[in-house]
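The values are calculated or read from the model by the stated rules, or taken from the named source; none is laboratory data. The shown structure was predicted, so the numbers you read here are calculated from the model rather than taken from an experiment. Positions of Cβ are generated from backbone atoms using ideal geometry, with glycine treated the same way; all protein chains shown enter the neighbour counts.
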Amino acid sequence: MKYQVSIFNDLTEFLNEIKDRTGYDLKECYQCGKCTAGCSTCFAMDKTPNQIIRMIQLGMRKEVLESKTIWLCASCETCTTRCPREIDVAKVMNTLRLIAQSCPEEVKISSEVSDVPLMSKIFLWTVKYTGRLYDFGLIALYNNLSGNFFKDMMKGPLMFKKGKLSILPHKVKNIKAIKRIFKRAEELSE
């Protein structure tokens, strides 16, 4: 009997963690597959969105957090819009990314998507300090921090010549408002 209780606790622990973090009870999902049917990046995923939800229901924490799917989700919210149970699947995927990043000793991110968290951090950093995407800074920081120093180096001059790339960032007028948004988001995530 103790063994059965232990398995049940393992199953519900991850499910409850997701519910606490997102506000959505994934037991409500009845696997209709509409989230997967509408997913624009599903073709590149190792598990479909509804499979990820089912794996959470089954308490498969490690398998879910090591999945490429959570990193390939584009957060377009098509899945969320289509869900008849009104589960914000995109929010669940984002929460899974945050959990995976917060426990690097527990989770091994696939080498195929291992640079996605780095790109995400750099992207957010450029938006935080300029108010918008700073392409040149994003590319330079990413190449430097990922060790791909010369990746796409020959494309830079062509993009610069066509006016698609600027050396200096263009800041928004009210950068203080952007910083307040980031500060508030950081407070909410703690």
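Within segment 47-60, the residues that satisfy the criterion of being surrounded by 16 or more Cβ atoms within 10 Å (Cβ to Cβ), over 13 Å from R82 (Cβ atoms) and touching a residue at least 40 places away in the same chain (Cβ under 8 Å) are I52, I56, Q57, G59, M60.
Would you confirm whether any residue within segment 124-143 is within 30 Å of C29 (Cβ to Cβ) and either of a type in the set (G, A, S) or assigned to a helix (DSSP H, G or I) (or both)? Step through it out loud before you land on a result.
Taking segment 124-143 as the starting set, the residues that turn out to be within 30 Å of C29 (Cβ to Cβ) are 124.
Checking the rest, the ones that are also either of a type in the set (G, A, S) or assigned to a helix (DSSP H, G or I) (or both) come to 124.
Looking through segment 124-143, at least one residue is within 30 Å of C29 (Cβ to Cβ) and either of a type in the set (G, A, S) or assigned to a helix (DSSP H, G or I) (or both).
Of the residues making up segment 69-85, those that are surrounded by 16 or more Cβ atoms within 10 Å (Cβ to Cβ) and under 19 Å from I109 (Cα atoms) are T69, I70, W71, L72, C73. Of all the criteria given as (1) in contact with a helix residue (DSSP H, G or I) (Cβ under 8 Å, 6 or more places away or on another chain); (2) outside any loop (DSSP other than H, G, I, E, B); (3) over 30 Å from K27 (Cα atoms), the one not satisfied by F150 is (2). Name the single residue that is nearest to Y30 (Cα to Cα) among those in segment 81-123 being of a type in the set (K, R) and part of a loop (DSSP other than H, G, I, E, B). Of everything passing the filter in segment 81-123, R85 is nearest to Y30 (Cα to Cα).
Please work out which residue is surrounded by the most Cβ atoms within 10 Å (Cβ to Cβ), limiting yourself to segment 173-190 and to residues that are charged (D, E, K, R) and assigned to a loop (DSSP other than H, G, I, E, B). Break it down stepwise before answering.
Step one: filter segment 173-190 for residues charged (D, E, K, R), giving 173, 176, 179-180, 183-184, 186-187, 190.
Cutting the leftovers down to assigned to a loop (DSSP other than H, G, I, E, B) gives us 173, 190.
Values: K173: 7, E190: 4.
Selected residue: K173.
Every test in (1) modelled with pLDDT of 80 or more; (2) part of a helix (DSSP H, G or I) is passed by H170 save one, and that test is (2). Looking at segment 124-143, can you tell me whether even one residue there is over 19 Å from the mean Cα position of the chain (by Cα), farther than 21 Å from L98 by Cα, modelled with pLDDT of 85 or more and among the polar types (S, T, N, Q)? Checking segment 124-143: at least one residue is over 19 Å from the mean Cα position of the chain (by Cα), farther than 21 Å from L98 by Cα, modelled with pLDDT of 85 or more and among the polar types (S, T, N, Q). Filtering segment 125-161 to residues that are hydrophobic (A, V, I, L, M, F, W, C) and loosely packed, with under 11 Cβ neighbours inside 10 Å leaves F149, F150, M154, L158. Only a single item in (1) at pLDDT below 95; (2) more than 15 Å from the chain's Cα centre (by Cα); (3) not aromatic (F, W, Y) is not met by I87, and it is number (1).
Can you confirm whether L58 is at pLDDT below 95 and farther than 17 Å from D115 by Cβ? If you could, list the steps in order and put the result at the bottom.
Details: at pLDDT below 95: yes; farther than 17 Å from D115 by Cβ: yes.
So L58 fits the description; yes.
L165 passes every criterion in (1) at pLDDT 85 or above; (2) surrounded by 13 or more Cβ atoms within 10 Å (Cβ to Cβ); (3) part of a loop (DSSP other than H, G, I, E, B) apart from (1).
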